[in-house]
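First comes the structure, then the notes that go with it.
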Amino acid sequence: TVATKENAKPKITMQRLVSAGEEVSVRNLQSTVGYRVTISDDFPGQLDIKFSGPVTVKQAGPLVYDVTLNFLTSKAAYENFTENREAPYSVSFQINVRDKIATQHNISQSGVFQFGEW
């Protein structure tokens, strides 16, 4: 007999790199990495990783991703979005991690960007 390693569920760790709230400018959020996402798994080659939402994602290392808000491109778009809403404004994104072999190992996590100024 040969012992095998059990395939553990992946883990998502999100580190916020920017402040959030009413005093934060959406322009500053969009010019800076907002989150660093690290995914831990014992079999990383089996993972299918998807980000959804108004974000730009760049890989910063093996299973390490930098997430930047990519949402409002002009002051007019900002004013249109904030009309009839109260600050702070929130925009969320989601990370889905699926193990292609151990199909019951599906996890997801959400992140939120908050801002109050153009």
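Only a single item in (1) farther than 30 Å from Lys9 by Cβ; (2) out of contact with any helix residue (DSSP H, G or I) (no Cβ under 8 Å at 6 or more places or on another chain) is not met by Leu72, and it is number (2). Take Gln30 and decide whether it is within 27 Å of Tyr78 (Cα to Cα) and buried (at least 16 other Cβ atoms within 10 Å of the Cβ). Judged against the criteria, Gln30 is a match. One residue alone among Tyr89, Tyr78 is in contact with a strand residue (DSSP E or B) (Cβ under 7 Å, 6 or more places away or on another chain) and not charged (D, E, K, R), and that residue is Tyr89. In the set (1) touching a Ser or Thr at 6+ places or on another chain (Cβ under 9 Å); (2) without any contact (Cβ under 8 Å) to a residue 40 or more places away in the chain; (3) assigned to a loop (DSSP other than H, G, I, E, B), the condition left unmet by Thr4 is number (1).
Total residues in region 84-111 satisfying the condition of being surrounded by 14 or more Cβ atoms within 10 Å (Cβ to Cβ) and either touching a helix residue (DSSP H, G or I) at 6+ places or on another chain (Cβ under 7 Å) or in a strand (DSSP E or B) (or both): the figure is 11. A count restricted to region 39-56 and to residues that are polar (S, T, N, Q) and open to solvent by less than 50 Å² (accessible area, probe 1.4 Å) stands at 1.
Taken over region 62-83, the criterion of being farther than 20 Å from Ser52 by Cα, assigned to a helix (DSSP H, G or I) and open to solvent by 30 Å² or more (accessible area, probe 1.4 Å) is satisfied by Lys75, Ala76, Ala77, Glu79, Asn80. Exactly one residue among Gln109, Gln30, Gln59 is closer than 15 Å to Lys11 by Cβ and within 15 Å of the chain's Cα centre (by Cα), and that residue is Gln109.
Restricting region 1-17 to residues that are of a type outside the set (D, E, K, R) and within 17 Å of Ile101 (Cβ to Cβ) leaves a set whose member that is surrounded by the most Cβ atoms within 10 Å (Cβ to Cβ) is Pro10.
The values are calculated or read from the model by the stated rules, or taken from the named source; none is laboratory data. Bear in mind the structure is a predicted one, so any value in this text is a computation, not a measurement. Note that each Cβ is placed from the backbone with ideal geometry, even for glycine, and that neighbours are counted across all protein chains shown. Areas reflect the complete protein model, heavy atoms only, side chains present, ligands, DNA and RNA absent. Shrake-Rupley method; radii C 1.70, N 1.55, O 1.52, S 1.80 Å.
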